[in-house]
Amino acid sequence: MQNPFYSMLLLLGLICGLSACQPAPETAQQTTAAAQPLSAQFDWFAYQGLDPVFAAPVPQGQYQNPVLAGFFPDPSITRNGDDYYMTVSSFTYTPGLPILHSRDLVNWQIVGYALTRESQLQMHDLQVSRGIFAPTLRYHAGTYYLITTVVDRGGNFILTATDPAGPWSDPIWLPEVEGIDPDIFFDDDGKVYIAHNGDPVESLYQGHKAIWLWQYDPAQQKIVPGSQQLLVNGGVDLSTKPIWIEAPHLYKHNGWYYLLCAEGGTADQHSAVIFRSRSLSEPFLPSRNNPILTQRDLAPERPDPITTAGHADFVQLPDNSWWAVFLASRAYQQRYFNTGRETFLLPVSWQDGWPHILPTGEVIPYRLPAPALTANPQPEPLSGNFSWRDEFDSTTLSLHWNSLRSFDQSWLSLDGQKLNLQAKAVSLDSLAQPAFIARRQQHTHFDASTSLTPPPATVSAGLVAFQNEQHHYYLGVRNNESGAEVFLEQASGSAPQQIASLALPSAADKVQLKISGSAGNISFYYAVADNNWQPLASDQDAMLLSTQVAGGFVGTMLGLHSRLEPRQ
């Protein structure tokens, strides 16, 4: 029991010390305010595509390429009855591995993600073009299988689901399977195989790679020991020193095993090549008509060029026709693209027992006859010119939004009217997770805009065009000692630098921001009255957002950011 005398002394000490120890009312309020999260509030976000190549109406019975415009690379497709599902590489964007659904191969919608939680994998501190590479999606006997690679965080793994929209399982790790771009193939004798890119037995030159095969036991969820075998060494013709044979997909058709691969790297020498064999234990021989898809032999100055074509996957329709999805890029000034590698669709023809996608020397068409399936347009199109707007009138974030590296979204909230982004002391050039959500730039010519409340002191907030940590723009609003201002930061191969700023009227309770892109140019605007746009910085360099300047494998993402600023 506590001593009563001690309690009295303690009480007297507290009473006597009140005037010396109790903070002044203003200081207490400041302490309370400091304990509250500092957030930015956004009213809406709007995006509009304005590409001339999409301007004319699509004729009846035809479809528009690409079917997935913008950063949707390395597509893999599977069919379950009348439903088609596709996934693409997501690198370090989260949630990861978007799952897209279609019933006509032309109109697609994002229905979920395979990677949604930290228990599946972690990508902290990875640069944006690391992480998830080249998945394969397959449906077999009531289960969906997804096999992929997480670069720099554990290698190859399998996910499974009974509903492609999710949830998906935790990873089944495959430590024996090295390299990237794994494929899973279900043979008609019940055996299951995994093919992948990896190093050859002996490397003969820079870019020399091989395609390997393993048997997989789905019951034990393990590779069958001792089952590894070499399928392709180097590529179509080893004597020519082909580079980067990768992205294998196995199929069986009319008694033949076919192996579809990418070759030539992911830039303008990219291609798709085909091999076949009567048995998985016998050598795979290349087609004499390889490559079956490329644009590398075409004149760079051709109008509206489509480049980097390759990395394909096949799907067979109920009418026994075959189609290919593959990556390619729409370029400006012959070779630059900010939209990343996109997903295109072309029919596959069979000649002399070999599949063909596009004859050598032919350009990939933007429009051609659609598959013999009932057209099924989606409310939020992913190709053509369209407008998209998020009013933030839900309590859950739209599936079009992504963040970086971590699956944690505790720093954002939706109250049915606004989006709140809690500011972090993490800038966009960091390898931590910034308070940043983004959607794809899907057009070479576009407008992206938002409305926000000027953030509190020590916080900035605004619009971002982000390619990677060293190549991006941040159009923001903040308060300093002289009042509110709008500013523009540019990262061009180094740390971000402020390149423009302007004071805002003191009475502005809302600020609108807009980014307008036009091929290699990009302009930045603000407004304090609705849509009364004023230029802050016009005709800036958009090429720094291109893959050719920034490097890596992603496309530009457009979105919203909130950041803690140093106290002035």
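Check every one of the strands (runs of 3 or more DSSP E) wholly within region 1-115 and list those with 2 or more residues that are at pLDDT 95 or above and either closer than 30 Å to residue 564 by Cβ or not assigned by TED's automatic domain parsing to the domain that holds residue 310 (or both).
39-49, 62-64, 109-115
Looking only at region 522-557, filter to residues that are touching a helix residue (DSSP H, G or I) at 6+ places or on another chain (Cβ under 7 Å) and β-branched (Val, Ile, Thr); which one of those is surrounded by the most Cβ atoms within 10 Å (Cβ to Cβ)?
556
When you look at residue 511, is it touching a helix residue (DSSP H, G or I) at 6+ places or on another chain (Cβ under 6 Å) and in contact (Cβ under 8 Å) with a residue 24 or more places away in the chain, yes or no?
no
Just checking, which of 136, 143, 160 is touching a His at 6+ places or on another chain (Cβ under 8 Å), modelled with pLDDT of 95 or more, in the same structural domain as residue 325 (by TED's automatic domain parsing) and among the hydroxyl-bearing types (Ser, Thr, Tyr)?
The conditions single out 136.
Residues of region 300-316 being surrounded by fewer than 19 Cβ atoms within 10 Å (Cβ to Cβ) and without any contact (Cβ under 8 Å) to a residue 60 or more places away in the chain, which ones?
Within region 300-316, 300, 301, 303 qualify.
Residue 128 fails exactly one of the following numbered conditions: (1) assigned to a loop (DSSP other than H, G, I, E, B); (2) surrounded by fewer than 21 Cβ atoms within 10 Å (Cβ to Cβ); (3) touching a strand residue (DSSP E or B) at 6+ places or on another chain (Cβ under 6 Å). What is the number of that condition?
Every listed condition holds for residue 128 apart from (2).
Looking at region 364-385, is at least one residue within 26 Å of residue 434 (Cα to Cα) and either in contact (Cβ under 8 Å) with a residue 24 or more places away in the chain or aliphatic (A, V, I, L, M) (or both)?
no
Give all pairs with beta carbons closer than 9 Å in which a residue from region 78-103 that is without any contact (Cβ under 8 Å) to a residue 60 or more places away in the chain and within 21 Å of residue 344 (Cβ to Cβ) meets a residue that is among the acidic types (Asp, Glu) and surrounded by 20 or more Cβ atoms within 10 Å (Cβ to Cβ); count only pairs at least 6 apart in sequence or on separate chains.
Qualifying pairs under 9 Å: 87/74.
Take the residues of region 277-299 that are closer than 25 Å to residue 259 by Cα and exposed (fewer than 15 other Cβ atoms within 10 Å of the Cβ): which is nearest to the chain's Cα centre (by Cα)?
Within region 277-299, the match that is nearest to the chain's Cα centre (by Cα) is 297.
Condition check: closer than 27 Å to residue 330 by Cα, surrounded by 14 or more Cβ atoms within 10 Å (Cβ to Cβ) and of a type in the set (A, V, I, L, M). Does residue 519 satisfy that?
So residue 519 passes the test.
Which one of the conditions (1) closer than 28 Å to residue 256 by Cβ; (2) not in a strand (DSSP E or B) does residue 135 fail to meet, given that it meets all the rest?
Only one criterion is unmet by residue 135, namely (2).
Applying the selection to region 277-319, what residues are assigned to a strand (DSSP E or B) and of a type in the set (A, V, I, L, M, F, W, C)?
285, 293, 306, 309, 312, 314, 315
Mind listing whichever residues of region 164-186 are free of Cβ contacts under 8 Å to residues at least 24 places away in the same chain and assigned to a loop (DSSP other than H, G, I, E, B)?
169, 175, 178
Show the residue pairs meeting these rules: Cβ distance below 8 Å; 6+ apart or different chains; first residue within region 524-539 and farther than 14 Å from residue 473 by Cβ; second residue buried (at least 17 other Cβ atoms within 10 Å of the Cβ) and β-branched (Val, Ile, Thr).
527/511; 528/511
Regarding residue 372, is this residue aliphatic (A, V, I, L, M), surrounded by fewer than 16 Cβ atoms within 10 Å (Cβ to Cβ) and touching an Asp or Glu at 6+ places or on another chain (Cβ under 6 Å)?
yes
Taking residue 325, is it farther than 21 Å from residue 441 by Cα, assigned by TED's automatic domain parsing to the domain that holds residue 257 and of a type outside the set (D, E, K, R)?
no
Could you please give the count of residues in region 229-245 that are in a loop (DSSP other than H, G, I, E, B) and either at pLDDT below 95 or surrounded by 15 or more Cβ atoms within 10 Å (Cβ to Cβ) (or both)?
Here the count works out to 7.
Might you let me know whether region 63-70 holds any residue that is surrounded by fewer than 24 Cβ atoms within 10 Å (Cβ to Cβ), within 21 Å of residue 147 (Cβ to Cβ), among the hydroxyl-bearing types (Ser, Thr, Tyr) and out of contact with any Asp or Glu (no Cβ under 7 Å at 6 or more places or on another chain)?
For region 63-70, residues surrounded by fewer than 24 Cβ atoms within 10 Å (Cβ to Cβ), within 21 Å of residue 147 (Cβ to Cβ), among the hydroxyl-bearing types (Ser, Thr, Tyr) and out of contact with any Asp or Glu (no Cβ under 7 Å at 6 or more places or on another chain): absent.
Within region 484-493, does at least one residue satisfy the condition of being of a type in the set (Gly, Ala, Ser), within 22 Å of residue 70 (Cα to Cα) and in contact (Cβ under 8 Å) with a residue 40 or more places away in the chain?
The answer is yes, given that some residue of region 484-493 is of a type in the set (Gly, Ala, Ser), within 22 Å of residue 70 (Cα to Cα) and in contact (Cβ under 8 Å) with a residue 40 or more places away in the chain.
Would you check which residues across region 527-558 are in a loop (DSSP other than H, G, I, E, B), under 17 Å from residue 91 (Cα atoms) and hydrophobic (A, V, I, L, M, F, W, C) and list them?
553, 554
Any idea which residue in region 479-491 is farthest from residue 514 (Cα to Cα), counting only those that are part of a strand (DSSP E or B) and either at pLDDT 95 or above or charged (D, E, K, R) (or both)?
491
Please indicate, with yes or no, whether at least one residue in region 257-276 is loosely packed, with under 15 Cβ neighbours inside 10 Å, not aliphatic (A, V, I, L, M) and not in a strand (DSSP E or B).
no
Is one or more of the residues making up region 345-360 under 27 Å from the mean Cα position of the chain (by Cα), of a type in the set (Ser, Thr, Tyr) and either part of a loop (DSSP other than H, G, I, E, B) or surrounded by 15 or more Cβ atoms within 10 Å (Cβ to Cβ) (or both)?
No, because not a single residue in region 345-360 is under 27 Å from the mean Cα position of the chain (by Cα), of a type in the set (Ser, Thr, Tyr) and either part of a loop (DSSP other than H, G, I, E, B) or surrounded by 15 or more Cβ atoms within 10 Å (Cβ to Cβ) (or both).
Among (1) farther than 25 Å from residue 290 by Cβ; (2) assigned to a loop (DSSP other than H, G, I, E, B); (3) in contact (Cβ under 8 Å) with a residue 40 or more places away in the chain, where does residue 156 come up short?
For residue 156, the exception is condition (2).
With the requirement that a residue be under 30 Å from residue 522 (Cβ atoms) and either under 20 Å from the mean Cα position of the chain (by Cα) or assigned to a strand (DSSP E or B) (or both), what does region 361-375 give you?
Hit for region 361-375 is 367, nothing else.
The values are calculated or read from the model by the stated rules, or taken from the named source; none is laboratory data. Please read these numbers as outputs of a predicted model, since none were measured by experiment. Positions of Cβ are backbone-derived with ideal geometry, glycine not excepted, and every protein chain shown enters the neighbour counts.
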